[in-house]
Amino acid sequence: MATPMLEIKHLKKYFSTPAGQLHAVDDVNLTIEAGQTLGVVGESGCGKSTLGRTVLRLLEPTSGEVLYNGQDITKFNRKQMLAARQELQMIFQDPYASLNPRLSVAEIIAEPLIVSKKYKNKKEMYERVGQLMETVGLAPRLMNSYPHELDGGRRQRIGIARALATDPRFIVCDEPVSALDVSIQAQILNLLMDLQDQQGLSYMFITHDLSVVKHISSHIAVMYLGQCVEYAETEELFAHPAHPYTQALLAAIPVIDITRRGKRWETLQGEVTSPVNPAPGCRFAPRCKYACEGCHEGNMELRQISAGHWVACPYAK
Amino acid sequence: MTEQEEKQTYKKRSQVSAVWHRLKKNKLAMLGLIILCVMIGLAVFADFIADYDTVVIGLDTSQRLLTPSLEHLCGTDQFGRDVFARSIHGGRLSLSLSIISMSIAVAIGAFIGVVAGYYGGRVDDVLMRLMDILLAIPPMLMSISIVAALGQSMVNLLIALAIAYIPVFARVIRSTILSIKGQEFVEAARACGTSNARIILRHIIPNAIGPIIVEATLTMGAAILVISSLSFMGLGIEPPAPEWGTMLYEGREVIRSSPYLVIFPGIAIALSVMSLNLLGDGLRDALDPRLKN
């Protein structure tokens, strides 16, 4: 097998807090092939966003490797990293906060081009900006507008245009649609998928919205408290969820079904345990209805239960 | 692509004009701006209005303590000097001293604040503790002791004021930087590989400019007060040079018989401080592009 485009190996990100070590991302292993979309799902605070930011070295990893085309970018120096950042980009969750309110639309999109020094000529650069705006479906007349004058969908398009400016190969999408209306969400998702088809992009798509992730991802990784508990192709995961946590997540998707009227949904009990100095064993064990004594000790390694389907639960089948 | 070039220049102009447009709507700010412009104008052209050597510091015992009249708009003092002429010449000193000292304080304070706020950690700790030490002494007391230590001169007064206000700016700017630093657009800039210098200059400072300008104008008003107070106490501008505080000091002896000797410099101080405050408030609003017209 050829080297995958992006390989995350034993990636850890701990934060020091007064209470102890916060294990935001704990020993995550994932691979993303060129042209694929890896959906990362999990509830709030499970370390999804931290994972995305650590992969791009917006946060320095505590340990572990991020291999991009076989090279470990966590060991890159400043200059190498600047070059790598051209190809590894990010789309942010909040289209209100992620755009500098003092810069016009054209200036925002031009920023990565200026930083990368790709264009010496201003005219050429703004031609490129115009082209990018067309790609993401922004009218050229908005060039001199300011972000606050535009709606959420248009702002997110600006964010996408900025991410595309330097012809990236891999984009981390950190909940790019969760701040938008449902109708706009569909537009943005379709735009992202079209772009993927046209430019062969790879995405790491971070979200808590299972319907979104089902729509866009080819593979899904389920995270719980900083750990990846299940990884499989999208259809496989939705058809045969193996980890009790994944099962609970999928069971929580509302289904329109008249025969279910009046029946109670089976929901997860209890709260997420603290990610600060977590207890050994399965982190989901305190909430797991199948939990037994063995779950509270040892490390839960991902194991393959069928081709390409990995689960971190010793009892899952 | 001449069309695009035109668009670019058009936009650059419109950004300044947009700020001006918003400022124009604020009547109080405009009032402050007009008063300030008049005062600066008077100060700049003071030499054409009244000759310094003869009218402003020249003694004329025959003209002592005249009440305001057409000839002497604000009357004359006990040495026979025209109070109006002295007031506008005094504006020269007060306004230029406060502007220069504030510029120095803003420049150094902004640098310290940006470095401390952006880099954080130990740099922040060291710089801010230093600022705390300076802040522990009130600006007034600080200026007095610096002038007393260095000797009484205009340059020393400038240094004293700048040092006294550097920690104030450093604090304000640091806290502004801290709140902006955590925002996603800074992270987005970092994700493109933007250098720290560029992030600070292009992304952080433009967004921090509002608080900086407001603080600068407000502090300029305070600086005028400090300069006047120091002069009043005999530590600032030395007589016979006309400074508003010096004039107050000289006038206090005859305050019962000739109150206009202190009223006019007093009004000058009050007007300049007030207009700076009004303008500062207005600018803060006008500089924020998020505020709708």
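The values are calculated or read from the model by the stated rules, or taken from the named source; none is laboratory data. Since we're looking at a predicted model, the values are computed, not measured. Cβ atoms come from the backbone with ideal geometry, glycine included; neighbour counts cover every protein chain shown. Note: areas computed on protein heavy atoms with side chains; ligands, DNA, RNA excluded. Shrake-Rupley method; radii C 1.70, N 1.55, O 1.52, S 1.80 Å.
Couple of notes before you dig in:
- Where helices (runs of 4 or more DSSP H) fall entirely within the stretch B:44-159, those with at least 2 residues that are modelled with pLDDT of 85 or more and under 30 Å from B:SER179 (Cβ atoms) are at B:83-119, B:121-135.
- Here A:ASP197 passes the criteria (1) at pLDDT 90 or above; (2) under 24 Å from A:ASP26 (Cβ atoms); (3) of a type in the set (Asp, Glu); (4) out of contact with any helix residue (DSSP H, G or I) (no Cβ under 8 Å at 6 or more places or on another chain) except the one numbered (2).
- Applying a threshold of 9 Å to beta carbon distances and a minimum spacing of six or more residues, or different chains, the list of pairs starting in the stretch A:188-207 at a residue that is under 23 Å from A:THR50 (Cβ atoms) and ending at one that is open to solvent by 50 Å² or more (accessible area, probe 1.4 Å) reads A:LEU201/A:ALA34; A:LEU201/A:ARG169; A:SER202/A:GLU33; A:SER202/A:ALA34; A:SER202/A:ARG169; A:ILE206/A:GLN93.
- Within the stretch A:190-215, the set of residues being open to solvent by 10 Å² or more (accessible area, probe 1.4 Å), under 23 Å from A:GLU87 (Cα atoms) and aliphatic (A, V, I, L, M) comprises A:LEU191, A:MET193.
- Within the stretch A:285-316, the set of residues being closer than 14 Å to A:ASP26 by Cα and either open to solvent by less than 70 Å² (accessible area, probe 1.4 Å) or part of a strand (DSSP E or B) (or both) comprises A:MET300, A:LEU302, A:ALA312.
- Hits in the stretch B:172-195 (condition: more than 7 Å from every other protein chain (Cβ to nearest Cβ) and under 30 Å from B:THR219 (Cβ atoms)): B:VAL172, B:ILE173, B:ARG174, B:SER175, B:THR176, B:ILE177, B:LEU178, B:SER179, B:ILE180, B:LYS181, B:GLY182, B:VAL186
- Any hit, the stretch B:253-269, residues being polar (S, T, N, Q), part of a helix (DSSP H, G or I) and either touching a strand residue (DSSP E or B) at 6+ places or on another chain (Cβ under 7 Å) or surrounded by 18 or more Cβ atoms within 10 Å (Cβ to Cβ) (or both): no
- Matching option when the condition is assigned to a helix (DSSP H, G or I) and either under 26 Å from the mean Cα position of the chain (by Cα) or on the phi > 0 side of the Ramachandran plot (or both), among A:LEU250, A:LEU268: A:LEU250
- Strands (runs of 3 or more DSSP E) wholly inside the stretch A:1-101 that include at least 2 residues being surrounded by fewer than 22 Cβ atoms within 10 Å (Cβ to Cβ) and over 13 Å from the mean Cα position of the chain (by Cα): A:6-17, A:20-32, A:63-68
- Complete set of residues in the stretch A:147-186 that are open to solvent by 10 Å² or more (accessible area, probe 1.4 Å) and touching a helix residue (DSSP H, G or I) at 6+ places or on another chain (Cβ under 6 Å): A:ARG155, A:ARG162, A:ARG169, A:LEU180, A:ILE184
- Test for B:ILE144: is it β-branched (Val, Ile, Thr), closer than 15 Å to B:SER231 by Cβ, open to solvent by 30 Å² or more (accessible area, probe 1.4 Å) and within 21 Å of the chain's Cα centre (by Cα): yes
- Some residue of the stretch B:225-233 being under 30 Å from B:GLU253 (Cα atoms) and free of Cβ contacts under 8 Å to residues at least 24 places away in the same chain: yes
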